[in-house]
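For reference, the structure discussed in these notes is given below.
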Amino acid sequence: QVQLVESGGGLVQPGGSLRLSCAASGSISSIYAMGWYRQAPGKQRELVAAITTGGTTNYADSVKGRFTISRGNDKNTVYLQMNNMKPEDTAVYFCHAEADLRYSIESDYWGQGTQVTVSS
């Protein structure tokens with residue numbers, strides 16, 4: 001299995017920055033893509049950003065130019081740098097990993113979530 005642990009959430013003022021971290025452990029060799037999702041109260045969970053093992057990235061239109069997803073050199077940690085944050089970024093952010101079923105008993109893994117609040 002894969003275990004995902006997020007950190008870095010908290011309270012930030014509009015225009016401020018936060019960096020989220022997601023540490024993966026377990027059968028990390030089975031992972032071929034990782035990403036960040038968020039869910040605000042009363043809304044569906046949505047993809048924020050994703051990155052493949054090869055480094056290909058994609059972002060939600062609402063965060064393009066403001067957020068950057070990256071992987072650590074050891075490939076076991078994924079970061080989400082969030083700049084110029086807006087109140088509408090307020091949500092619980094979840095780390096996600098997509099695994100190859102040839103090597104994993106599950107195809108999707110989720111972290112426990114970390115609260116991000118953007119407020120004055």
Problem set entry | Of 11, 101, 80, the one that fluctuates the most in a GNM where the chain has Cα springs shorter than 10 Å | 101
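Can you tell me, using C-alpha contacts under 8 Å and at least 6 residues apart, the relative contact order of the chain as a whole percent? Kindly include the intermediate steps, with their values, before the conclusion.
On the way: 294 pairs, mean separation 43.9, N = 120.
The normalised contact order for the chain reaches 37 percent.
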Exercise. With every protein chain left in place, what is the accessible area of residue 68 in Å² (1.4 Å probe, nearest 10)?
Worked result: 70 Å²
Problem set entry | Magnitude of the charge dipole, the chain, Cβ model with Lys/Arg +1 and Asp/Glu -1, debye to 20 | 260 debye
For this session: May I ask you to list the lysines whose Cα is less than 21 Å away from that of residue 86, ignoring any residue fewer than eight positions away on the same chain?
Result: 43, 64
Problem set entry | 36, 110, ranked by accessible area, largest first (probe 1.4 Å) | 110, 36
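The values are calculated or read from the model by the stated rules, or taken from the named source; none is laboratory data. No experiment lies behind these values; they were computed from the predicted model shown. When we count neighbours, we look across all protein chains shown, and the Cβ atoms used for this are built from the backbone with ideal geometry, even at glycine. In case anyone asks, the SASA skips ligands and DNA or RNA and just uses the protein heavy atoms, side chains included. Shrake-Rupley method; radii C 1.70, N 1.55, O 1.52, S 1.80 Å.
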